[in-house]
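To start, the structure under review is shown below, and the notes come after it.
The values are calculated or read from the model by the stated rules, or taken from the named source; none is laboratory data. Computed from a predicted model, the values in this text were never measured in an experiment. No Cβ is skipped: glycine too gets one built from the backbone with ideal geometry, and neighbour counts run over all protein chains shown. With ligands, DNA and RNA removed, areas are computed over all heavy atoms of the protein, side chains included. Shrake-Rupley method; radii C 1.70, N 1.55, O 1.52, S 1.80 Å.
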Amino acid sequence: MATLMEGPPLAARIRTEVADEVRELGGLGLVTLQVGEDPASTIYLRRKHEAAQEAGIASDDRKLPQDVSETELLALIAELNADGAVDGILVQLPLPPHLDEARVVRAIDPVKDVDGLHPFNAGQLYLGRPTIVPATPLGIMALLAEQRVPLEGAEAVVIGRSDIVGKPIAHLLLQSNATVTICHSRTADLARYTLEADVLVVAVGSAEVVTPDMVKQGSAVVDVGINRTEGGIVGDVAPDVADVAAFITPVPGGVGPMTIAMLLRNTVKAARYRRGLLAFPRGER
Ligand code: NAD
């Protein structure tokens with residue numbers, strides 16, 4: 001039976017560290033923007049704000065109507081960019097189809113982009129340079145590090161190629177000297193790749209995409225998926241994969257809590273950058 005890579009204890013430790021850092025910095029501000037009332041987004045945001053406030057971060061949950069115009073949204077982001085009390089800005093995705101997600105994300109000042117999605121930050125990650133990195137992949141790396149899962153020279157397979165999970169985790173694994181393969185919806189034979197994986201990260205968004213026959217004995221499996229079913233929340237990985245893997249993240253209670261902890265850590269990092277306590281690589285070539 002696999003060892004569980006549990007999120008809550010590690011996330012709690014990180015949140016305590018963040019609270020200490022927030023005190024040292026003399027307070028921090030995080031603003032989230034939600035367009036419309038997607039119920040899942042509302043739950044995620046509530047958790048983010050509860051955690052922020054517990055860590056002493058002043059957090060403001062701005063709800064905008066579903067039909068807000070792009071001009072209005074961009075104007076609000078410009079205002080927050082210029083606001084000295086705001087260290088971090090997070091636009092909850094997805095946005096309704098009439099809003100251009102790429103343009104909205106690009107409008108956020110990269111130094112306040114606590115989701116790490118601005119092309120500047122994504123580019124820095126691609127180049128292997130310090131930057132603000134999306135929270136979920138950071139949380140995954142912390143869970144693997146906590147169990148001392150070896151990454152150098154390991155075969156790592158990522159299923160999913162989203163900008164928020166799949167691509168950034170692939171880059172972080174690469175930076176840790178793993179040999180990385182990215183699989184996705186058009187991959188012809190997933191098992192051919194997953195069976196070779198010492199580390200398997202699954203971020204697809206469909207229940208039981210990965211079954212025990214697809215997993216290498218003794219591997220570490222990270223299940224990022226959140227799927228709402230009649231029986232409750234399940235991941236992308238079938239539960240009996242735990243009989244084959246050496247380490248596995250539970251769902252719920254694995255990656256989810258880590259995402260929130262790392263968002264708070266990103267907010268501290270953004271504050272350090274903006275206050276000149278860390279050098280933000282803006283303008284670096
Ligand atoms: P996404 O929909 O943007 O991307 C899904 C990816 O899976 C795509 O790149 C697609 O190519 C791939 N894919 C789809 N079907 C596939 C299949 N049958 N075989 C192989 N690949 C397939 O999703 P996302 O934003 O990356 O999120 C993925 C999952 O992770 C979702 O369930 C989401 O809710 C969850 N999530 C969890 C957290 C957390 O904190 N736990 C954070 C972000 C996302």
Subset of region 223-233, residues assigned to a strand (DSSP E or B) and either of a type in the set (Asp, Glu) or within 10 Å of the ligand (Cβ to nearest atom) (or both), comes to 223, 227, 228, 233
In region 18-35, anything among the hydrophobic types (A, V, I, L, M, F, W, C), surrounded by fewer than 19 Cβ atoms within 10 Å (Cβ to Cβ) and within 18 Å of residue 111 (Cβ to Cβ) is listed as 25
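Do you know which residues across region 178-197 are open to solvent by less than 50 Å² (accessible area, probe 1.4 Å), in a loop (DSSP other than H, G, I, E, B) and away from the ligand (no atom under 13 Å from the Cβ)?
Selection gives 178, 197.
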Restricting attention to region 149-169, the residues that are within 14 Å of the ligand (Cβ to nearest atom), open to solvent by less than 30 Å² (accessible area, probe 1.4 Å) and either among the charged types (D, E, K, R) or over 17 Å from residue 210 (Cβ atoms) (or both) number exactly 1
Counting only residues in region 1-37 that are part of a strand (DSSP E or B) and hydroxyl-bearing (Ser, Thr, Tyr), the one nearest to residue 144 (Cα to Cα) is identified as 3
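So that you can scan it fast, the table gives a plain yes or no per residue for (1) without any contact (Cβ under 8 Å) to a residue 60 or more places away in the chain; (2) open to solvent by 30 Å² or more (accessible area, probe 1.4 Å); (3) assigned to a loop (DSSP other than H, G, I, E, B); (4) touching a helix residue (DSSP H, G or I) at 6+ places or on another chain (Cβ under 9 Å):
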{"residue": "44", "(1), (2), (3), (4)": "yes, yes, no, yes"}
{"residue": "60", "(1), (2), (3), (4)": "yes, yes, no, yes"}
{"residue": "71", "(1), (2), (3), (4)": "yes, yes, no, no"}
{"residue": "80", "(1), (2), (3), (4)": "yes, no, no, yes"}
{"residue": "86", "(1), (2), (3), (4)": "yes, no, yes, yes"}
{"residue": "89", "(1), (2), (3), (4)": "yes, no, no, yes"}
{"residue": "93", "(1), (2), (3), (4)": "no, yes, yes, yes"}
The condition of being under 23 Å from residue 280 (Cα atoms), at pLDDT 95 or above and away from the ligand (no atom under 16 Å from the Cβ) holds, among 113, 61, only for 113
Counting only residues in region 239-274 that are in a loop (DSSP other than H, G, I, E, B) and over 22 Å from residue 51 (Cβ atoms), the one least open to solvent (accessible area, probe 1.4 Å) is identified as 245
Residue hits (region 119-148; part of a loop (DSSP other than H, G, I, E, B) and either crowded, with 21+ Cβ neighbours inside 10 Å or basic (Lys, Arg) (or both)) are 129, 131, 132, 133, 134, 148
